[in-house]
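Here's the structure, in structure tokens; my notes come after.
The values are calculated or read from the model by the stated rules, or taken from the named source; none is laboratory data. In this text, all values refer to a predicted model and were calculated from it rather than measured experimentally. Neighbour counts run over all protein chains shown; Cβ positions are idealised from the backbone, glycine included.
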Amino acid sequence: MSFKIKIPDEMSERLPRGRSGFTANHHYDTFRKMLFNIVEEQQPMTVRQVFYQAVVRDWVEKTEHGYGYIQRDLVSMRWSGMLDLDWIIDTSRTIRGSQGANQSVDEFMNGLYERIPLGHVRDLLADHDFSIQVWLEKEALAGVIHPATSEWDVPLYCARGYSSLSFLHEAAKDLETKDRPARIFHFGDYDPSGQDAIATVQRDLPLLAPKTASHGFEFTIVAVKPEQVAELGLPTRPTKRTDTRASSFGSDQSVELDAIPPNTLRQMVNSTLRGCFKRGARKANEARQEAEREEIRQRLRRLRR
């Protein structure tokens, strides 16, 4: 089975031509440079995000074969050293267990004194007027947006589709420790299952966190929303008619969250969370945190004498 990739005209004009057109080596080298530019600009990315960026640029077809081609090329580019290994992430797989440390007692103690102050972290939400949670339907994208949520000390809940009762209970327990309202921001696919999944969270989370519910719950779907499809030029796929929720979905086209460019997705998270805080709140919190860390360092120095 043959597979064709498309090189934009402006890139094609720079390639050397022979009697039979472009050589395969020039063709694929140029394509890989195009992929490199995407990843360099928006890393870290998942393979699926790179695939969607190639699709929206009309470089490959939106098929499993097209995805497989991008996947294989990204593997080859990383093994060859063309792409930094850290630029492509996979959070769908986990590592269990820990590695031991090969240190002397003195090295361990010196490192411990250096690490202890850094372990003191002031929670930006500690004295906030309301609790905040960010919910993500796809665990594979956690590494993409976690840097943004961590900047604001906001917990990220990766639901992996439908949330289990145990997972909802853990989220509710976190909310119930604070006597205040809650704002929940959701990022997920625009399809029948994705919309039903957030509806389940909206229904069940307040039931499991009655004290918080008495103060008020506010749910916001940040992405993907119907209007974002046209605004961002997102690629769609036919809604699965085999999905029992398709009849109530209201659209024959669905969109995956992966289709949103990583930088845009992170900007959405940052913009959403920034709007929850007073101006300068984060800098003030960081300054106070550093002052308290310095106090801890001074106390440790006195203990070591």
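Within segment 271-299, take every residue that is small (Gly, Ala, Ser) and in a helix (DSSP H, G or I) and give me the one that is nearest to the chain's Cα centre (by Cα).
Going residue by residue through segment 271-299, those that are small (Gly, Ala, Ser) are 271, 275, 280-281, 284, 287, 291.
From what's left, in a helix (DSSP H, G or I): 271, 281, 284, 287, 291.
Values: Ser271: 14, Ala281: 24, Ala284: 26, Ala287: 27, Ala291: 31 Å.
So the residue we want is Ser271.
Suppose we filter segment 205-240 for residues that are of a type in the set (Ser, Thr, Tyr) and touching a residue at least 60 places away in the same chain (Cβ under 8 Å); how many remain?
1
Considering only residues of segment 106-138 that are small (Gly, Ala, Ser) and more than 27 Å from His215 (Cα to Cα), which is modelled with the lowest pLDDT?
Gly111
Between Leu232, Leu257, Leu265, which is in contact with a Phe, Trp or Tyr (Cβ under 7 Å, 6 or more places away or on another chain), at pLDDT 90 or above and within 27 Å of Gln53 (Cα to Cα)?
Values: Leu232 fails: in contact with a Phe, Trp or Tyr (Cβ under 7 Å, 6 or more places away or on another chain); Leu265 fails: in contact with a Phe, Trp or Tyr (Cβ under 7 Å, 6 or more places away or on another chain).
Matching residue, one of Leu232, Leu257, Leu265: Leu257.
Residues are listed down the side, and each one gets a yes or a no for (1) outside the structural domain of Arg203 (by TED's automatic domain parsing); (2) surrounded by 13 or more Cβ atoms within 10 Å (Cβ to Cβ); (3) touching a residue at least 40 places away in the same chain (Cβ under 8 Å):
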residue	(1), (2), (3)
Val75	yes, yes, no
Trp79	yes, no, no
Gly111	yes, no, no
Ile116	yes, yes, yes
Gln133	no, yes, yes
Val144	no, yes, yes
Val154	no, yes, yes
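Give just the number: which of (1) within 29 Å of Glu286 (Cα to Cα); (2) at pLDDT 95 or above; (3) out of contact with any Asp or Glu (no Cβ under 7 Å at 6 or more places or on another chain) does Asp179 not satisfy?
Of everything listed in (1) within 29 Å of Glu286 (Cα to Cα); (2) at pLDDT 95 or above; (3) out of contact with any Asp or Glu (no Cβ under 7 Å at 6 or more places or on another chain), Asp179 misses just condition (2).
Let's see how each residue does on (1) assigned to a helix (DSSP H, G or I); (2) within 29 Å of Ile260 (Cα to Cα); (3) of a type in the set (Phe, Trp, Tyr); (4) out of contact with any Asp or Glu (no Cβ under 9 Å at 6 or more places or on another chain):
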site	(1), (2), (3), (4)
Trp135	no, yes, yes, yes
Leu141	yes, yes, no, no
Phe167	yes, yes, yes, yes
Asp174	yes, no, no, yes
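Can we say Phe51 is aromatic (Phe, Trp, Tyr) and touching a Gly at 6+ places or on another chain (Cβ under 8 Å)?
Spelling it out, Phe51 is indeed aromatic (Phe, Trp, Tyr) and touching a Gly at 6+ places or on another chain (Cβ under 8 Å).
Within segment 170-203, count every residue that is farther than 24 Å from Leu141 by Cα and acidic (Asp, Glu).
Total satisfying the criteria: 2.
Scan segment 170-193 for residues that are within 28 Å of Ser248 (Cα to Cα) and either out of contact with any strand residue (DSSP E or B) (no Cβ under 8 Å at 6 or more places or on another chain) or surrounded by fewer than 17 Cβ atoms within 10 Å (Cβ to Cβ) (or both) and jot them down.
Ser193
Looking at this structure, is Leu168 in contact with a Leu (Cβ under 7 Å, 6 or more places away or on another chain) and among the aliphatic types (A, V, I, L, M)? First the steps, then the outcome.
Working: in contact with a Leu (Cβ under 7 Å, 6 or more places away or on another chain): yes; among the aliphatic types (A, V, I, L, M): yes.
For Leu168, the condition - in contact with a Leu (Cβ under 7 Å, 6 or more places away or on another chain) and among the aliphatic types (A, V, I, L, M) - is met.
How many residues are more than 25 Å from Val60 (Cβ to Cβ), not basic (Lys, Arg) and not in a helix (DSSP H, G or I) when one looks only at segment 226-270?
4
Is it the case, given these coordinates, that Thr244 is farther than 28 Å from Leu124 by Cα, at pLDDT below 90 and β-branched (Val, Ile, Thr)?
The answer is yes for Thr244.
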